[in-house]
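Please read the structure below before turning to the comments.
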Amino acid sequence: MAWTTTTSTTVCERSGTEHAISVGMPVRHAAMDAMPLIVCLDAPWVFGTVLDATRIMSMSGEAPEAMVVGVGFAEDSMGEYLRQRARWLTPTPFEPPPASGVKGLIADDCGRAEVLHGFLRDQLLPSIEAENAIAERWFVGHSFSGLFGVRALLSEPSLFDKWLLASPSIWWDDRAILELEASFAERNDDLVADVFVSAGENERESSFSIVDDALGFVEALNGRGYPSLRASSHVLAGDAHSNCIGNAVSKGLRALTA
């Protein structure tokens, strides 16, 4: 088959952080005038799922035939990888609670999402689009990277056209991200975006209220009356935080393609 997948590393010019970048091309990419780009954060457990889903679901028109790019951290240690996520995916300084699985960080180590946001906007996306004709940009994130997506959506909604936010960690820092939502609403009378937010039904059993936060976030967005916003939410029956990714990607791709 003509499907190709490559992996390389890129250093963030601002932070010096080394990112692992995985790229999967659609089978017909050489014949396409332009193609959608789907950027997946948390690449080790999201990139492969999104890549496989687009390859099969695009055949039935349920997902785009897209270039899929995974962004991760070039770390061999799982503990350090989790710490990198807490550093660069979160919006505010806050010490990760033990239930998050992140150990060894204090509050001031975290809250650096603005730097990673700049890496995507100023380095990664321009480098991709210098070599490929891109029709539209999609974002996919789960958990901390879903929280990163919420922040990016509210701080620079034009960065992506479509947003798939699975189980976003809105709980972070006493839901500080919701202050950004309120601030955005005060300053803007429209939000041009197509947004799908999901959470696993069994995430209600955690201490983080992920389901209620996800539903409440979409309800708040829709309550603003933005004329250009299309936002929907879905609770994934029987799913928990770790096993919901495949279901979230499948349903999110379909919702955002429709």
On the given criteria, is ASP161 of a type in the set (D, E, K, R), in contact with a strand residue (DSSP E or B) (Cβ under 9 Å, 6 or more places away or on another chain) and either closer than 26 Å to GLU18 by Cβ or surrounded by fewer than 24 Cβ atoms within 10 Å (Cβ to Cβ) (or both)? yes
Quick test for you: out of SER183, SER167, SER232, pick the one residue that is polar (S, T, N, Q), surrounded by fewer than 19 Cβ atoms within 10 Å (Cβ to Cβ) and within 21 Å of VAL39 (Cβ to Cβ). SER232
Among (1) out of contact with any Lys or Arg (no Cβ under 7 Å at 6 or more places or on another chain); (2) open to solvent by less than 60 Å² (accessible area, probe 1.4 Å); (3) under 18 Å from SER145 (Cβ atoms); (4) not in a helix (DSSP H, G or I), LEU253 falls short only on (4)
Given the criteria open to solvent by 10 Å² or more (accessible area, probe 1.4 Å), part of a helix (DSSP H, G or I) and in contact with a Cys (Cβ under 8 Å, 6 or more places away or on another chain), does GLN84 qualify? no
Screening ALA214, ALA182 for residues that are over 23 Å from THR49 (Cβ atoms), of a type outside the set (Phe, Trp, Tyr) and in a helix (DSSP H, G or I) leaves only ALA182
If you scan region 194-213, which residues turn out to be open to solvent by less than 10 Å² (accessible area, probe 1.4 Å), at pLDDT 95 or above and out of contact with any Gly (no Cβ under 7 Å at 6 or more places or on another chain)? VAL195, VAL197, ALA199, GLY200, ILE210, VAL211
Inspect all residues belonging to region 48-63 and state whether any of them is buried (at least 22 other Cβ atoms within 10 Å of the Cβ), at pLDDT below 95 and not β-branched (Val, Ile, Thr). no
Given the residues LEU165, LEU154, LEU178, which is the only one that is of a type outside the set (Phe, Trp, Tyr), touching a residue at least 24 places away in the same chain (Cβ under 8 Å) and more than 28 Å from PRO64 (Cα to Cα)? LEU178
Only one of these is surrounded by fewer than 17 Cβ atoms within 10 Å (Cβ to Cβ), in contact (Cβ under 8 Å) with a residue 40 or more places away in the chain and not aromatic (Phe, Trp, Tyr): GLY118, GLY104. Name it. GLY118
What are the residues in region 1-20 that are touching a Gly at 6+ places or on another chain (Cβ under 7 Å) and open to solvent by less than 60 Å² (accessible area, probe 1.4 Å), if any? HIS19, ALA20
What number of residues within region 121-131 satisfy the criterion of being within 11 Å of VAL71 (Cα to Cα) and open to solvent by 30 Å² or more (accessible area, probe 1.4 Å)? 0
Going by the conditions given, is PRO91 modelled with pLDDT of 95 or more and either open to solvent by less than 10 Å² (accessible area, probe 1.4 Å) or not small (Gly, Ala, Ser) (or both)? yes
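The values are calculated or read from the model by the stated rules, or taken from the named source; none is laboratory data. Because the structure is a prediction, the values reported are computed rather than measured. Glycine also receives a Cβ, built like all others from the backbone with ideal geometry; neighbour counts cover every protein chain displayed. To get the accessible areas, we keep the full protein, side chains included, count just its heavy atoms, and leave off ligands, DNA and RNA. Shrake-Rupley method; radii C 1.70, N 1.55, O 1.52, S 1.80 Å.
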